[in-house]
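As structure tokens, the structure follows; a few thoughts come after it.
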Amino acid sequence: MAPTVSPETTTPGMPVRRIAADIVDGVVQRKRPLDELLEAGPLEALEDRDRALVRIIVATVARRLGTLRYLLAGFLDRGLPPHAPTVENALLIGAAQILFLDVPDHAAVDLSVRLVHEDRYGKHYSALVNAVLRRVAREGAARLATLDSATLDTPGWLLKRWKAHYGEDTARAIATANATEPALDLTVKDEPQQWAARLDGRVLPTGSVRIAAHGPVTRMVGFDSGAWWVQDAAAAIPARLLGDMKGLTVADLCAAPGGKTAQLAAAGARVTAVDRSEQRLKRLRENMARLGLEAEVVKADATQWQGGPFDAVLIDAPCLATGTIRRHPDIPWLKNEIELIRLTALQARLLDRAAELVRPGGTLVYCTCSLEAEEGEQAIAALLARNPALQRRPIKAHEIGGRAECISPQGDLRTLPCHLPDPEPRMAGLDGFFAARIVKN
């Protein structure tokens, strides 16, 4: 495990690298979620600039992990030393800074060497780390140019699935899009053009405001006043598929952290937000309070909850989340196909319960942030097959800003990370989302 922060350290840059190494260790060695580690205590002690540097270092390591490991393996004649994970952590951090970040090579090398020297298991390999990273600085860029990084940075099982479902070209386009950190998308209560101008952004065809964020979100104009909330443009579409919601009763299942709950409430719906996690519901309540919006909040297992009937039910179901890799680059290295068995069973139970909660004539919208067909197209096909009272209501292009490429032949929403191209890669793309709109006869 990587060393923890030492308050007496005076070497410039070392606290940042120690925390980064600890987080990389958590993701790479201990398979813990990146967001969970970034929300832990050590980052709070850093200045904004240093906190941002930690985030970009660890996100770059996660995003380019396959490429970094492949390159480093080429410079390690005998492979990584056993029983010294700090060595790999330091090499990954150092190589990421040298190849992908605006950090002087000598600083990246020196600080990584210091990291392993402080660790009792890794200190014997400080000369090795120094030699490898110096070779990365000399030869890494040239070797990088020859690699198929889109393939290296996507686990084989995942790329195989995408090729089977979307075809070779689209699968590679998805993998390529995942290599770029995305811009920040906001859902605004009203006047999107005005907020786009104030935040130096643009209004997307779907209605979201996209900005190239600078600095902490909480310090951006409009945050404290509750004028907007952070929500990927694709994630903002499913709630809009319900149309005019003013006065309707709507159940938002698996609601936390509350982006869709906020959309529903802002549109005038009477919302009941259901989630089983008290910690996540606490965040939902905080978000709704900041936004000045109201909803009934219920802590319950949505598969068993008794309520309604409702005019509409929205389900953002738990899933593999492979459509959000641009924003959560650790996902490919933490997830696996075995989880699909549990998740698809849960999704089926949620769909069946939602069908009972919606009144006759009401609407059910089901969505997942997954690229996997089992969690999207196949889940809806199975639902319609086992429940003849339900019927798909196809989505039309004009409902999603004219983006016809985001609608499947069956009339469902299917956004991909390679959709919404832009000359500036960071301003392009959408999270991968599936959504279907179902009416109860």
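The values are calculated or read from the model by the stated rules, or taken from the named source; none is laboratory data. Because the structure is predicted, anything quoted here is derived from the model rather than measured. Every residue, glycine as well, gets a Cβ built from its backbone with ideal geometry; the counts of neighbours run over all protein chains shown.
Overview of results
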read-out: The listed residue being more than 30 Å from Cys406 (Cα to Cα), touching a helix residue (DSSP H, G or I) at 6+ places or on another chain (Cβ under 9 Å) and not charged (D, E, K, R), out of Ala137, Ala150; value: Ala137
read-out: Which numbered condition Arg78 fails, given (1) more than 21 Å from the chain's Cα centre (by Cα); (2) of a type in the set (Lys, Arg); (3) at pLDDT 90 or above; value: (3)
read-out: Residue list for the stretch 179-204, filter: aliphatic (A, V, I, L, M) and assigned to a loop (DSSP other than H, G, I, E, B); value: Ala179, Ala183, Leu199, Leu204
read-out: Count - residues of the stretch 64-89 that are surrounded by fewer than 19 Cβ atoms within 10 Å (Cβ to Cβ), within 24 Å of Ile325 (Cβ to Cβ) and small (Gly, Ala, Ser); value: 1
read-out: Number of positions in the stretch 95-138 that are touching a residue at least 60 places away in the same chain (Cβ under 8 Å) and surrounded by fewer than 15 Cβ atoms within 10 Å (Cβ to Cβ); value: 0
read-out: Which numbered condition Ser225 misses (of (1) modelled with pLDDT under 95; (2) of a type in the set (S, T, N, Q); (3) not in a helix (DSSP H, G or I)); value: (1)
read-out: Any chance Gly207 is small (Gly, Ala, Ser), part of a loop (DSSP other than H, G, I, E, B) and either farther than 19 Å from Leu293 by Cα or in the same structural domain as Asp316 (by TED's automatic domain parsing) (or both); value: yes
read-out: Test: residue in the stretch 330-340 that is in contact (Cβ under 8 Å) with a residue 24 or more places away in the chain, among the β-branched types (Val, Ile, Thr) and over 24 Å from Ala233 (Cα atoms); value: no
read-out: Strands (runs of 3 or more DSSP E) fully within the stretch 347-441 counting 1 or more residues that are assigned by TED's automatic domain parsing to the domain that holds Leu253, surrounded by 23 or more Cβ atoms within 10 Å (Cβ to Cβ) and touching a residue at least 60 places away in the same chain (Cβ under 8 Å); value: 358-368, 413-415, 433-440
read-out: Count of the stretch 5-28 residues which are under 16 Å from Ser112 (Cβ atoms) and either small (Gly, Ala, Ser) or modelled with pLDDT of 90 or more (or both); value: 14
read-out: The one condition in (1) in the same structural domain as Ala59 (by TED's automatic domain parsing); (2) under 30 Å from Gly376 (Cα atoms) that His106 fails to fulfil; value: (2)
read-out: Selected residue (only one of Glu424, Glu374, Glu405 is charged (D, E, K, R) and touching a helix residue (DSSP H, G or I) at 6+ places or on another chain (Cβ under 6 Å)); value: Glu374
read-out: Some residue of the stretch 102-111 being of a type outside the set (S, T, N, Q), under 21 Å from the mean Cα position of the chain (by Cα) and within 30 Å of Val217 (Cα to Cα); value: no
read-out: Filter result for the condition that a residue is part of a helix (DSSP H, G or I) and touching a helix residue (DSSP H, G or I) at 6+ places or on another chain (Cβ under 8 Å), over Leu320, Leu343; value: Leu343
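Conditions (1) modelled with pLDDT of 95 or more; (2) touching a Pro at 6+ places or on another chain (Cβ under 8 Å); (3) assigned by TED's automatic domain parsing to the domain that holds Asp22, marked per residue:
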position: Arg120; (1), (2), (3): no, no, yes
position: Val129; (1), (2), (3): yes, no, yes
position: Leu133; (1), (2), (3): yes, no, yes
position: Ala141; (1), (2), (3): yes, no, yes
position: Arg161; (1), (2), (3): yes, no, no
position: Glu168; (1), (2), (3): yes, no, no
position: Ala175; (1), (2), (3): yes, no, no
position: Thr187; (1), (2), (3): yes, no, no
position: Gln193; (1), (2), (3): yes, no, no
